Amino acid sequence: MSLLRIRRTISILILSATLTASVSHAAEEPAKKPLFLPKSPVAAAYVLARLSNKELIEAPRSEFVYVALLQRAGLDRKYRVEALDALAKARNTDPIAELIAGIAALDKKGEDSAPVLRELATMLTQKAPADLAKKREDLEKLVAESESALARQAGYAAIVTADGSIEKPWQSVETESAKFADLLLSIPLIRDNALRAGLYAKLQPLLDKSDAEDVRRAAMTAIVAVPGHDVENFNALATLAKAGTERAIAVASLQRIPRKSWPTEQAEPLLASLMTYLKEVPDDQRTGPDAVSAFQLASDLVALLPADKSKEAGKALRAVGVSVFVIRTIHEQMLYDKTLLVVEAGKPVEIILINEDAMPHNLVIVAPGAVEEVGKSAEKMAPEPDAQGRIHVPASPKVLFATKMVDGGQQTKLSFTAPTEPGDYQYVCTFPGHWMRMQGVLAVVTDVEAYLASRPATPEPKVTEWKLADLAPDLEKVGAPGRNLAGAKENFAKLACVQCHKLGKEGYAYGPDLTDVIKRMKNDRSALLTEILEPSKVITDRYKNYVFELNDGEELVGMIAKEDAESVTVQTGPSDALIQPVKKAIIKKRDLQSSSMMPMGLLNMLTKEQILDLLAYIEASGNAPAHDHGH
């Protein structure tokens with residue numbers, strides 16, 4: 001049937017719209033909206049493509065609708081899970097087979113399908129190695145027949161995950177540069193941290209591979225996904241950036257290396273090279289992705305310079321830059337990597353939020369002084385999306401701009417015009433329990449240069465990855481007189497401990513009650529400190545987390561507050577609003593999580609004395625005497 005005939009037929013059928021089910025599963029649910037679906041897959045896809053996301057979600061379920069839910073951009077993951085399970089049932093296959101088939105189908109649809117294709121690739125590589133191993137033949141076919149690089153890379157990542165090794169595919173494609181580049185670019189998609197950690201020796205020599213540019217570029221991207229070699233990677237990539245060799249890729253990869261690992265001796269020469277490049281970029285191209293990325297890296301390097309050079313370099317950089325900021329979340333720290341943004345009043349601003357944490361985060365800009373009000377309001381909200389698809393964002397005039405919640409490994413962009421009224425506005429994560437810790441200042445000023453010149457330089461916070469051995473010899477000092485309990489009380493709040501723990505009369509009992517905890521632990525300070533440093537080492541049954549997969553494809557992650565024969569009461573966060581009963585009849589399965597909801601690294605921003613003060617404050621059950629002024 002020609003496309004013209006299909007369209008003419010569809011027009012006639014829509015005009016005479018009566019509810020029809022073309023696939024047997026459509027009759028299982030009541031109609032939510034009049035909808036006609038022709039029997040032709042092409043014609044049905046055309047009709048469904050005319051529906052909004054909301055209309056598609058509400059459409060009576062059928063095989064055609066499930067295909068559309070799997071492939072439509074902008075939908076929550078739960079609809080993709082629902083679609084995979086339903087298609088597997090309808091076609092007598094399994095969800096992984098349907099996931100591979102979905103990736104193959106999107107592969108044929110061009111670049112517009114890339115966002116959904118990336119989502120499905122992530123879902124594929126999260127599957128268990130044993131399950132992927134059963135689909136190895138299908139994965140090899142996906143790699144061999146896919147037109148898009150992303151689909152091929154998803155296939156390679158799944159194969160490596162299934163094998164638990166990269167050796168077999170490496171040997172098979174090492175002499176074919178295009179295939180080899182795809183394999184290398186699949187490395188960041190591999191979820192197994194230990195598997196990626198062993199690839200440095202294989203990737204490092206490829207950075208100088210001049211006879212195959214595509215392989216060298218792929219290696220530059222892949223190598224920063226290998227943990228444990230941050231300084232070596234920074235030095236190697238900085239050398240390539242300064243030489244102008246694949247500058248855009250080198251800059252993008254450098255930004256993925258944690259800032260705490262950047263060698264200070266590289267800051268000045270690399271900054272000078274980037275400044276030379278930025279000055280040569282035409283004005284109408286300075287908002288392009290390569291220039292914005294270089295400008296952001298240069299801005300971060302300025303902070304590593306001595307104070308006098310930093311001020312001069314910052315002024316020169318702002319003369320050629322644009323108001324675009326990249327903010328990353330710090331893995332298992334519940335922090336943004338930037339806590340101050342300075343913008344000109346009434347000027348366009350763009351913030352790119354990259355979530356490199358395992359927990360979901362957002363970024364909400366609020367009126368000056370409104371963080372606490374907005375944060376507490378968000379904690380009381382049920383996790384229902386607003387008209388813009390955002391959750392935990394209060395409907396308040398003090399909320400000025402906000403992103404959606406961003407899952408780990410994802411990113412989003414927030415574009416807005418800065419307020420015309422100067423002041424210290426704030427940005428905050430409003431996921432329950434995060435607002436007290438995840439904050440920053442958006443300084444809106446009339447003159448950026450004058451503001452920065454008058455503001456005292458803020459030193460980069462010192463981050464120490466504390467181990468028990470570092471602190472154990474000084475634990476006897478916890479009980480010494482003169483400890484700063486008032487300061488410890490402030491840190492107990494700043495670290496968001498008060499959001500999840502009851503201590504004396506303060507706090508919320510989401511996690512264990514810390515009142516008299518030292519007595520329950522038989523005065524073993526070492527054991528108490530271990531539970532803070534390694535929260536996932538020992539988790540009592542009451543505070544274990546589960547992932548509940550529901551029959552409709554939705555997931556809940558939380559602790560079991562109560563359970564009986566009919567239902568499970570699940571608490572998904574530190575708020576009474578996040579406690580909900582779930583009927584067992586709608587629970588498809590539950591999986592125990594091995595990690596605690598309490599993030600690691602909470603003490604990494606504190607000094608040794610501050611940690612000892614905090615332990616003393618906990619031992620005192622939150623009793624900080626009014627006369628305590630610290631030491």
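Listed by position, the strands (runs of 3 or more DSSP E) inside segment 308-371 whose residues that are touching a helix residue (DSSP H, G or I) at 6+ places or on another chain (Cβ under 6 Å) and surrounded by 19 or more Cβ atoms within 10 Å (Cβ to Cβ) number at least 3 form an empty set. Taking segment 419-449 as the range and being buried (at least 23 other Cβ atoms within 10 Å of the Cβ) and of a type in the set (Gly, Ala, Ser) as the test, only 433 passes. Taking residue 398 and the conditions (1) more than 21 Å from residue 325 (Cβ to Cβ); (2) of a type outside the set (S, T, N, Q); (3) in contact with a Phe, Trp or Tyr (Cβ under 8 Å, 6 or more places away or on another chain), which numbered condition does it fall short on, given that it satisfies the others? Tallying (1) more than 21 Å from residue 325 (Cβ to Cβ); (2) of a type outside the set (S, T, N, Q); (3) in contact with a Phe, Trp or Tyr (Cβ under 8 Å, 6 or more places away or on another chain), residue 398 fails exactly one: (3). For segment 593-605, the count of residues that are loosely packed, with under 15 Cβ neighbours inside 10 Å, without any contact (Cβ under 8 Å) to a residue 40 or more places away in the chain and not acidic (Asp, Glu) is zero. One residue is enough: does segment 458-480 have a residue meeting the conditions outside the structural domain of residue 343 (by TED's automatic domain parsing), outside any loop (DSSP other than H, G, I, E, B) and of a type in the set (Lys, Arg)? Yes - at least one qualifying residue is present in segment 458-480. From the list 224, 231, 215, the lone residue that is within 20 Å of residue 167 (Cβ to Cβ) and either touching a Ser or Thr at 6+ places or on another chain (Cβ under 7 Å) or free of Cβ contacts under 8 Å to residues at least 60 places away in the same chain (or both) is 215.
Among the residues that make up segment 574-584, is at least one of them farther than 16 Å from residue 500 by Cα and either surrounded by 16 or more Cβ atoms within 10 Å (Cβ to Cβ) or in the same structural domain as residue 480 (by TED's automatic domain parsing) (or both)?
The answer is yes; a qualifying residue exists.
Among the residues making up segment 562-582, a single one is outside any strand (DSSP E or B), hydroxyl-bearing (Ser, Thr, Tyr) and either closer than 14 Å to residue 544 by Cα or touching a Phe, Trp or Tyr at 6+ places or on another chain (Cβ under 7 Å) (or both): 572.
Which members of segment 276-287 meet the condition of being surrounded by 13 or more Cβ atoms within 10 Å (Cβ to Cβ), more than 13 Å from residue 251 (Cα to Cα) and either touching a residue at least 60 places away in the same chain (Cβ under 8 Å) or not charged (D, E, K, R) (or both)?
Looking only at segment 276-287, we keep the residues that are surrounded by 13 or more Cβ atoms within 10 Å (Cβ to Cβ), and these are 277-278, 281, 286-287.
Then drop every residue that is not more than 13 Å from residue 251 (Cα to Cα), which leaves 281, 286-287.
Within segment 276-287, 281, 287 meet the criteria.
The sole residue among 97, 144, 68, 83 that is part of a helix (DSSP H, G or I), within 25 Å of residue 185 (Cα to Cα) and in contact (Cβ under 8 Å) with a residue 12 or more places away in the chain is 97.
The values are calculated or read from the model by the stated rules, or taken from the named source; none is laboratory data. For clarity, every value in this text was computed on a predicted model and none was experimentally measured. No Cβ is skipped: glycine too gets one built from the backbone with ideal geometry, and neighbour counts run over all protein chains shown.
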